[in-house]
Amino acid sequence: MIAYHNNFDDTWRPVGKALSETLTHRVLVTDINIVTPSRCNPTRPPSADGIDLRPRTSSISYLHSLLANDDQTNVILSNAHGIPVLDFGRFLDGSSKQEVADAMLSSFKDIGFVHLVNHGLSQEKIDEMFNWSKRFFAQPMELKQLAPHPPSGKHHRGYSAPGVEKVSQHVYDAAEVLKLRQEAPDMKESFECGHDASEVMPNIWLPDDMLPGFKEACLDFFWACHEIELTILRALALGLKLPEDYLVKYHTAQDNQLRLLHYPSVSAEQLERDEISRINAHSDFGSITLLVQDDVGGLEVEDPRNPGQFKSAPPVAGAIVVNAGDFLMRWSNDMIRSTIHRVRAPPGAASNNGIIPDRYSIPYFCSADFPIVVECLPGTYSAERPRKYEPIWRSNMF
Ligand SMILES: O=C(O)CCC(=O)C(=O)O
C-alpha cells in the first residue's frame with residue numbers, strides 16, 4: 001500500500017483517498033510524506049556481498065503530477081516543513097516554465113532551499129549511485145585509504161575517514177578547527193570526485209583493480225547531475241528575468257564536486273549532547289548544491305527569520321533538495337539566500353533504542369567558472385537597492 005501522512009489528524013491514508021481529498025481540500029497535501037514502495041515491497045534481495053541494496057527512496061513523481069492536475073498553474077505541490085516542493089517537470093516539458101522559474105526564485109529568496117520533484121534525474125540512477133556508495137563504504141578501511149583525501153582542506157578529492165574532516169562555518173584557523181574536531185568529531189566518512197579532466201583538482205581514485213565499476217559509476221552520476229544543474233540554472237535565470245542561458249554561460253568549466261557521504265550509526269545521546277556531530281552548521285560555497293538522500297533524515301535548515309533556530313527538513317520521497325550557496329548569494333546582491341544547514345539526529349531517533357541508523361546522502365556542489373569577474377547580476381540592484389559588492393575576480397572570492 002502506498003499511503004500519505006495526514007498531519008492534521010496524524011493518520012496514514014491510502015493514496016487514492018489522498019487524491020480524492022486533494023481535489024476538494026488541497027490543504028491536506030501539505031507536508032506530504034509517502035511510504036516508499038521499497039519499504040512496502042521489500043522484494044529486492046541483498047547483493048552477493050551481503051549489503052542491503054534495496055532503495056530507501058523511490059520516485060513518487062507520478063503522484064505529485066496527479067496531485068497537480070486539478071490546477072495547471074499550481075507548480076508548488078506542497079510545503080515540506082517550510083520548504084516548497086516544486087514540480088520541475090513543468091519547467092522541463094515547457095508547460096509552465098515561467099511559473100516554475102518564479103516559484104524557484106521566490107523559494108531561494110525566502111529560505112534558500114527548494115525540493116524538486118520530476119527533476120529529470122532518474123530514480124534508477126540515484127538508487128544505483130547509492131548502491132555503489134554503500135559498496136564503497138563497506139570496504140575495509142585499508143582499501144578505502146588507497147584513495148586518500150589529501151590533508152589539505154582545499155583539494156576536495158578522495159576518501160576521508162570518520163572523524164578526519166570537521167565542517168565549520170567561517171573558521172579558517174587550523175588550531176581552532178583542530179580544537180573543534182577534538183571537542184566533537186564529525187562522525188561521517190566521504191568520497192569526493194570531480195570530472196576526470198579537471199586540472200584544477202585532479203581526481204583520486206582507488207587502484208584500477210579495486211572495486212571495478214565504482215569510478216565509472218561516479219563519473220556517470222557526476223555528468224547526470226551536471227545536466228540537472230544546467231536546467232536548474234536556466235530556470236533560475238528565467239526567474240531573474242534574464243535570458244535563459246545567462247547563468248549557464250558562467251558554468252562552462254564543470255568544476256563541480258560529487259560527494260558520497262556515509263554517516264555511520266551512532267548513539268542518539270552522544271549526538272544530542274554534542275559529544276559527536278554528523279555535520280555542523282555551515283553554508284555552501286558555490287552557486288547551487290543538489291542533494292539526494294536516503295529516508296533516514298536529520299537534515300536541518302536555519303530559519304532565516306530566527307537566526308540560530310533550525311527546522312527539520314525531512315526527506316521528500318522522489319525529490320532532490322536544491323540550495324543556493326554563498327557565491328550565488330553574493331552574485332545576486334544578497335537577493336538569494338545561502339542558508340546555513342546541518343545534519344543532526346532525525347526527529348524521534350531516541351525512541352529507536354537510542355541508536356541512530358546509518359545515513360547515506362550525496363551532495364553535488366556546483367561552481368561557476370574561475371576566470372570571470374563577478375558583478376551583481378542585472379536586475380538585482382537599483383537606486384532603492386544599491387549594489388552591496390564591487391566587481392571581483394571569481395578566483396579572489398572566498
Ligand atoms: O548529508 C547531508 O544531507 C548534507 C551534507 C552537507 O550539507 C554537505 O556535505 O555540505
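Every number in this text was worked out from the coordinates using simple rules, so none of it is lab data. Keep in mind that this is a model prediction, so the values were computed, not measured. Positions of Cβ are generated from backbone atoms using ideal geometry, with glycine treated the same way; all protein chains shown enter the neighbour counts.
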If I take R0 = 45 Å and measure r between the Cβ atoms of S152 and E384 in this structure, what FRET efficiency does the formula 1/(1 + (r/R0)^6) give, to the nearest 0.05? 0.55
Please compute, for the alpha-carbon atoms of the stretch 66-160, the extent along each of the three principal axes and give them in descending order in Å. 55, 29, 25
Give the peptides 323-330, 305-312 in descending order of average Cβ contacts within 10 Å, highest first. 323-330, 305-312
Among T339, T252, rank each residue by its count of other Cβ atoms within 10 Å, from fewest to most, as a rough exposure measure. T252, T339
P(r) of the stretch 117-396 over all Cα-Cα pairs, 5 Å bins starting at 0, rounded to whole percent, reads 1, 5, 11, 16, 18, 18, 14, 9, 5, 2, 1, 0, 0
Calculate, in nm to one decimal, what Q145 and E375 gain on full extension: separation in residues at 0.36 nm each, minus their alpha carbon distance. 78.6 nm
Placing each pseudo-label 7 Å from Cα in the direction of the beta carbon, M397 and E272 end up separated by a distance in nanometres of 4.0
If I model a spin label as a point 7 Å beyond the Cα along the Cα-Cβ vector, how far apart are those points for D220 and V164 in nm? 2.6
I need V301, V316, V374 ordered by Cβ neighbour count within 10 Å, fewest first. V374, V301, V316
